[in-house]
1. Given contacts defined as C-alpha pairs under 8 Å and at least six residues apart, what's the relative contact order of the chain, whole-number percent?
2. Take the alpha carbon atoms of the stretch 584-637, find their center, do the same for the stretch 209-247, and report the distance between the two centers in whole angstrom.
3. First check a/c for the stretch 483-635, with a ≥ b ≥ c the square roots of the eigenvalues of its C-alpha gyration tensor; if it is under 1.5, answer rounded, and if not, answer prolate when a/b is larger than b/c or oblate otherwise.
4. Using the Karplus equation 6.51 cos²θ - 1.76 cosθ + 1.60 (θ = phi - 60°), what ³J(HN,Hα) coupling, rounded to whole Hz, does each residue of the stretch 110-116 give in order, writing x for Gly and Pro?
5. Let me spell out the model: positive unit charges on the Cβ of Lys and Arg, negative unit charges on the Cβ of Asp and Glu, origin at the Cα centre of the stretch 339-381. What dipole size does that give, in debye rounded to 20?
6. What are the lysines whose alpha-carbon lies under 18 Å from the alpha-carbon of Lys627, with same-chain residues fewer than 8 places away excluded?
7. Send over the per residue convex hull volume for the stretch 333-376, Cα only, as a whole number of Å³.
8. Report P(r) for the stretch 428-496: all Cα-Cα distances, bin width 10 Å, range 0 to the bin holding the largest distance, values in whole percent.
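All of the numbers you see were taken from the coordinates with simple rules; none came from a lab. This one's a predicted model, so the numbers in the text were calculated from it and none came from an experiment. As a convention, Cβ positions derive from the backbone with ideal geometry for all residues, glycine included, and neighbour counts pool all protein chains shown.
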Amino acid sequence: MTAPAQRVVELRDLITRHSEAYFVHDDPVLPDADYDALVGELRELERAHPDLADERSNRVGAPASTVFSPVRHGEAMLSLDNVFDEEELRAWSDRVLKGLDSSVPLAFSVEPKIDGLALSITYIDGELIQAATRGDGRVGEDVTDNVRTIANVPHQLIGARGSFQIRGEVFIAKADFETLNETQREKGAKIFANPRNAAAGSLRQKDSSVSASRPLSFLAYQLVDLDATLAFTTHRATLDQLSAWGFLVAPETLIVSGIGDMIARSSWFEEHRHDLTYDIDGTVVKLDDLTARRALGSTSRAPRWAIARKFAPEERTTRLLSIEVSIGRTGRATPYAVLEPVLVAGSRVAMATLHNEDQVREKDVRPGDLVIVRKAGDVIPEVVGAVVGDEKRSASWRFPATCPDCGGELRRFDDQSDTYCVNPACPAQQMQKIAHFASRGALDIEGLGEQRVAQLLQEGLIGDVADLFSLSSEPLARLEGFGELSATALVAAITAAKSAPLSRMLVGLGIRHVGPVAARELARRFVTYDALAQAHLEDLEVVEGIGPVIAQSVYEYARDDESRQRMALMAAAGVELSEPDVASTLAATLSGRAVVVTGAVPGYSRDEATAAIVARGGTSPGSVSAKTYCVVVGEAPGASKVTKARDVGVPMISDTAFEELLETGTWSATLE
Ligand code: IVH
C-alpha cells in the first residue's frame, strides 16, 4: 500500500472506533476537536486521491444499537458541514449567494449550536406518536418512552393537523448538570464528564424511570412536514409556530439580513457562549427562505443551505507530565496537573487543577497519561480524564504524606474530601494568606502578588498582613527586582488600602466561612470593626444572610488573641476599618421587593446590578417565583427565567428601564 492509502485505512479505523464510543456508548474518549481533525484529514486525503474515496466516509453518526427498536426516519436526519473561522463562513455564504443567483440580501437564521444529541419527534394530528435518535441518519433508535418523561416536550399540540416531525436537540442545562453530578456524587454513582455525555447517557436508558429522574430538556429547531399540509415559507414562521405549540426555541436565535449581520451575530455567540444557560460548541447559520433551501438541496451528508461554525475548542488532549500539590491559605493541599503545554480555547495551558484526592482517584489520571484538558471561559483549566489506550501506564498516583513546602504532616479529616497541611507556621500558608489579603477580591493592592509576598516574607520584612501597613520604601528599594519607583508605588498602594471599606477588609482577613456577601452584610450592619468585634453571638446571628456557622466563626475570630493583636496593630497604623455609609443616602425605592436580573445590563456588572438593588432596600434572588416584583431582561437573558416569568405572570422590563426602576421603584413600559 502507498503511504496515503495506509493513512486512509488508519484514519477510517480510528474514526470508526471513536464515533462508536461517542454515538453508541455515550462515552467519547477523544474531544470533539481532535475527532474533527481526524475527519478533516481523511476528507483532505480523499480529495487529493479520489481513487481512495469511499462513500462510507460521509455517513453520519453510527449504526443504531440493539437495545432500542430501530426507527426509519421519514426524511433523513442529516449532519451539518463545519467551518472554523469567519473567512470560511464568508466563503460558504458566497457559495450560497452564487448558487441562488440572488440579487437581494439573503435572510439568515443564526442559532446556537447546542451541544446535545439530535432527536426527531413524530406528531400525528397533534399527538406525540414516536421519538427517535439520529442513529446513522437513516435509521435511529426508538426512545419514545424516555422522551415522554422530558418535562418540556409537549404530548399534545393544540390545533395541529397532519403528520410531521419536530427535530431538535436533547440537552442538559449547565445548572442542571451541576446539580445532577452533585446527586451522583452523593450516591457514589458515575460522575458525568460534561452535559452532553450526561444527556446522551440519560436519554438512552432501558428503564424510562431513570430518564425521568434526569434533568433533560429539549430545544426545537426544525419542522419536517411529512405530508406537506403545513404551508410555511420561512424558517422564522416555523420557529414561531413551534414556540406557540409550547416547544422551547432558542431565545438567542436571530433572523438577520445580509452576510455582514450574519457574521456579526455568529461572533456575538462566540463572545457570549458562557453567558448562555446551555453548552454550545458553535453557531448554526441557516437560510430563512424555505423555497431557496429546496433550490440548493443537500448532499448525502449535509444540507447546502446550512452550516455549522465551530468555536475554538475548549477541550484538548495533552500529556500529563506529573501531579504536584500546592498549599493554600487555609493549609488546604490541592493536587494539580503539570502538563505538556497545549492551546485550549485560545490560551496556553501548562497546569490544571485536580481539586482533591478523590477527584484524582475518580478520574484515574496517572503521570504519563494522555489526558483531556478543559478550559471554559474564565474558569480555571481542569483535567477531565485520561484517554486510555493499550499502552502500559504508570502506577496510580498517591497523595503525598508530607507538605511540599514545610515538610509537616498532611492530614485528611474523616468526613472531608480535602487534605490539609496542619502546621500553622507553614511558609506557603503565610504567603497565601497575605497574597489573598492583597488580591483583587479583597484589598486589591497593586504590585503585591504571590511572588512579591514570598520575597517580603523571606526577607523578614513582614510576617503577617498587619506588618504591611508599617512598611517603608527604603528597605523595599534595596530588594532585588525593586527600584525606588516600584518601592514608592507599593507603599502608596498599601497606604491607599488603609481606607478600604470594612467589607473588603473582612474578605481579606480570610475569616472562615465569610465570603463577600456575608462580609457586606456584616459591614453594613456594624459599620466599624470595633462594633463587630464587640457584638454578642446573638447580635451576629440576626444579621440578614448570616447563619449560626458564620456567626460563630466571626465571634471566635474577634476573640482570638492573634487576631486581636493583628487588628490593634492595624488600627495603630491608621487602617480605618469602617464601612462608608452609602446606602442611607439613597431612597429605599425597592424596599422589600424582589427584583430578578437576567442577562447583562449595560453599564453594570452582575454584582453592581445586585448592589444597586440592595442599596435601595430590595433583594435580587437568583430565580423567579410568583413573589418576584419584576424581572429585568438584559442582553442574553436566561431562557428559564423568562419562561418562568411568563408562566407566573411576573412583569418583565427592559434593561433600558433599569435606571428608572432604581430611581422610582416602578416602570413605564413592560416587555411582552
Ligand atoms: S439543524 C439538516 N440546528 O448539530 C440540519 N442542528 O453537527 C439539521 N445541532 O445533527 C441540523 N444545534 O444534532 C441544527 N440549532 C441547530 C443545532 C443543531 C445543534 C446539532 C444537531 C445536528 C448537529 C450537526
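1. 9 percent
2. 33 Å
3. It comes out oblate by the Cα gyration axes.
4. Running phi through 6.51 cos²θ - 1.76 cosθ + 1.60 with θ = phi - 60° gives 10, 10, x, 9, 5, 8, x Hz.
5. It works out to roughly 160 debye.
6. Within the straight-line limit of under 18 Å, Lys627 reaches these lysines: Lys641, Lys644.
7. With only Cα atoms used, the stretch 333-376 gives 79 Å³ per residue.
8. In order of increasing distance, the bins hold 22, 62, 16 percent.
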